[in-house]
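Below: one structure, written as structure tokens.
Read-outs: derived from the displayed coordinates by stated rules, not from any lab. Bear in mind the structure is a predicted one, so any value in this text is a computation, not a measurement. Reconstructed Cβ throughout: ideal geometry from the backbone, glycine too, with neighbour counts over all protein chains shown.
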Number of protein chains: 2
Amino acid sequence: MPEITLELIREAHARIRGQIRRTPVLTSTRLDELAGAKLFFKCENFQKTGSFKTRGALNAILSLTDAEASHGVATHSSGNHAAAVSWAAGLRGIPAFVVMPRTASRFKVASVERYGGRIVFCEPTHQAREEAAAKVIEETGAALVHPYNDGRIIAGQGTVALEFVEDVPDLDAVICPVGGGGLLAGTAIAAKGLAPAIKVFGGEPEGAADTSLSFSSGIRQPVTGPASIADGLLAFVGDLNFPVILRLVDGIITVPDAAIAAAMRQLLEVMKIAVEPSAAVAYAAVATGKTAAAGMRIGVILSGGNVDLERIPWAKEVSV
Amino acid sequence: MPEITLELIREAHARIRGQIRRTPVLTSTRLDELAGAKLFFKCENFQKTGSFKTRGALNAILSLTDAEASHGVATHSSGNHAAAVSWAAGLRGIPAFVVMPRTASRFKVASVERYGGRIVFCEPTHQAREEAAAKVIEETGAALVHPYNDGRIIAGQGTVALEFVEDVPDLDAVICPVGGGGLLAGTAIAAKGLAPAIKVFGGEPEGAADTSLSFSSGIRQPVTGPASIADGLLAFVGDLNFPVILRLVDGIITVPDAAIAAAMRQLLEVMKIAVEPSAAVAYAAVATGKTAAAGMRIGVILSGGNVDLERIPWAKEVSV
């Protein structure tokens, strides 16, 4: 695996930009006042399929040789990556096999189906999922598209920050959520490549703080039983991503679920946009005040907007 | 009152554009497929104070002479116009007196307070509201800023369509909600002034269909007890606005509340944006299929996003 560089991210952008949205950057006077900083929100919730995951998935799938692509692609994420892989495979005209636990929500199943993914249900354990994916790949010859631990994915996700730093000059800091670490690693490479003085932060749920733990100790280590309403961020940070994060990222900020729900609600109420809990984490981290001194210009990556409206996670007791 | 012309709308735009947002136009592949048309959404839900009402209010308030403005402004709308007048008066550094019924929701009161409006509560009847407003104006010398039946307001609201037609060439049709008719009249003047072949439609709640009734008969007439979840559209179409609508608008499409709620939900789920019921009406009208032949390019004005999250109006039985 070659080192992921700004140049690879630029190549990824050239490969995918005709098919993805250049998402808008929104601002809010009221949230600036609350944060005591100037905030810029990069709205990947408006991206094709509803999240930034289209970028990495499309970059990976368009990077396959015809021979590699000839039997389709496979993945075993049940979330936004699965929808993105299904969509990107459809663009290339190849099948996408998606292994999902049979307990996956109707919302997630519907999303994969909408983009033409072929769902293979399995038991809801990590072992069953890996076995089912291996079996699908063996039977079909499909190429695995990993959700985060893959250079083509990291380069694709880095195109978010590439656009962001191009569109908003003089950002002092940029923050994005961290789960498996593909977005954070790509963001750090792109942002620091373009603007070496920029600070890069990751926002992580307290209930799934493996990256924070690993970052503090310098040794990649999982947490037991990760759990959070930010269901896209439960993955263990990848071994390709972690060294990049350790080298380039300035800090990981953890936030409790109540703060994530409050952030999600505030973005809906004030900015009029729907973001999913995993995306609200980055804004929740900024709202802690730990990212920046007063008056700084902070870029917040709102990574996705696929909210299951049957499960809006705020209760009346969550104050904003 | 001079005739409202495209030129007056251009002048209004020059007057206000430094203080308002040029709101983005968003699109959705999925909603295009559902509608069988190419839809463009002008997102006034992202406008300052959360609705297009800032445009007319700011134009009216900046048009006052120093003598007229010296004692502040007054209005008796309790919704988005009240917030917009409060905000615009603050920009000019003059007080805004807002007469609201004492039964107004906490959400609306908070919005007016946030922008510095001085609230005068009254009994929740039309007569009490008018009397209270007259008393405020008599006591303070404030200038009345009417929510819709005013040339400066119509010209200000027309700037939405001015930007829309500039930003999206070759629209076949444009649609916006109609309550008192300021937005619809301004939209028709601007859109047909810039592009004479464009069709202009109004979307109206079935429960408050006075404009539809008046448009069909050619005679301005109210309906008894207007009621709808689109609480911004209950006003009786103004006598200045109606002749403009009758002359320039191609049709009024009415929609039931269930369709309004479904439209609001679909915009949140698919487009990831919050719009209030009064704004969802225009999209609900398009979804009826009455605006356009297949494949047409339709501009939809999403007029505001001030959703009271304690009162989201869809129930599980509303299917989308």
**Fill in**
B:Gly156 neighbourhood, Cβ < 13 Å, K/R = +1, D/E = -1, net charge +3
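Assign one of three labels to the stretch A:171-320, namely rounded, prolate or oblate, based on the Cα gyration tensor with a ≥ b ≥ c the square roots of its eigenvalues; rounded applies when a/c is under 1.5, prolate when it is not and a/b is larger than b/c, and oblate otherwise. Could the numbers behind the result be given before it?
Working: a/c = 1.89, a/b = 1.27, b/c = 1.49.
Taking the square roots of the gyration eigenvalues as a ≥ b ≥ c, the stretch A:171-320 is oblate.
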**Asked** Along the charge dipole of the protein assembly as shown, which of A:Ala287, A:Val112, A:Ile154 sits closest to the positive end, that is, farthest toward it, with unit charges on the beta carbon of Lys, Arg, Asp and Glu (+1, +1, -1, -1)?
**Response** A:Ile154
**Asked** By DSSP, what percent of the beta bridges with both residues in the protein assembly as shown are antiparallel, rounded to the nearest 5?
**Response** 10
**Complete:** Distances in nm between the label point of B:Thr224 (7 Å along Cα→Cβ) and its equivalents in the other copies, shortest first, are 7.2
**Message:** Could you give the length gained by full extension between A:Arg21 and A:Lys135, i.e. 0.36 nm per residue of separation minus their alpha carbon distance, to one decimal place?
**Reply:** 37.6 nm
**Request:** With label points built 7 Å along Cα→Cβ from the Cα atoms of A:Ile312 and B:Glu123, find their separation and express it in nm.
**Result:** 3.6
**Item:** Under 5 Å, built H, 5+ apart or other chain: amide partners of B:Met296
**Value:** B:Lys38
**Request:** Starting from the Cα gyration tensor of the stretch A:18-129, take the square roots of the eigenvalues, sort them a ≥ b ≥ c, and report rounded, prolate or oblate (rounded when a/c is under 1.5, otherwise prolate if a/b is larger than b/c, else oblate).
**Result:** oblate
**Item:** Qualifying aspartates and glutamates (Cα of each under 19 Å from Cα of A:Lys199; at least 8 residues distant if same chain)
**Value:** A:Asp32, A:Glu163, A:Glu166, A:Asp167, A:Asp170, A:Asp172, A:Asp250
**Inter-copy separations for B:Thr5, label at 7 Å along Cα-Cβ, nm, ascending** = 6.2
**Prompt:** A:Asn45: net charge of surrounding residues, Cβ under 13 Å, Lys/Arg +1, Asp/Glu -1, itself excluded?
**Reply:** +3
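Which whole-number percentage describes the relative contact order of chain B, with Cα contacts under 8 Å and a sequence gap of 6 or more? Could the numbers behind the result be given before it?
Values: 708 pairs, mean separation 66.9, N = 320.
Relative contact order here is 21 percent.
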**the protein assembly as shown - charge dipole about Cα centre, Lys and Arg +1 at Cβ, Asp and Glu -1, debye rounded to 20** = 380
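How would you rank A:Thr224, A:Thr254, A:Thr211, going from fewest to most other Cβ atoms within 10 Å of each one's own Cβ?
On the way: A:Thr224 5, A:Thr254 22, A:Thr211 30.
Lowest count first: A:Thr224, A:Thr254, A:Thr211.
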**Prompt:** Put a point 7 Å out from Cα along the line to Cβ at A:Asp167; what are the distances to that point in the other copies, in nm, shortest first?
**Reply:** 1.2
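For B:Thr103 and A:Phe107, what is the calculated FRET efficiency with R₀ set at 35 Å and r taken between the beta-carbons, to the nearest 0.05? Could you put the intermediate results ahead of the total?
Details: r = 38 Å, r/R0 = 1.07.
For R0 = 35 Å, the calculated efficiency reads 0.40.
Which of A:Lys42/A:Lys135; A:Lys38/B:Lys42; A:Lys53/A:Lys135; A:Lys42/A:Lys108 have a Cα-Cα distance over 28 Å? Let's see the in-between values first.
Details: A:Lys42/A:Lys135 38 Å; A:Lys38/B:Lys42 25 Å; A:Lys53/A:Lys135 24 Å; A:Lys42/A:Lys108 24 Å.
Listed pairs above 28 Å: A:Lys42/A:Lys135.
Which order do B:Ile189, A:Ile252, B:Ile119 fall in if you start with the one that has the fewest other Cβ atoms within 10 Å? Working shown, then result.
On the way: B:Ile189 27, A:Ile252 22, B:Ile119 19.
Listing B:Ile189, A:Ile252, B:Ile119 from fewest to most nearby Cβ atoms yields B:Ile119, A:Ile252, B:Ile189.
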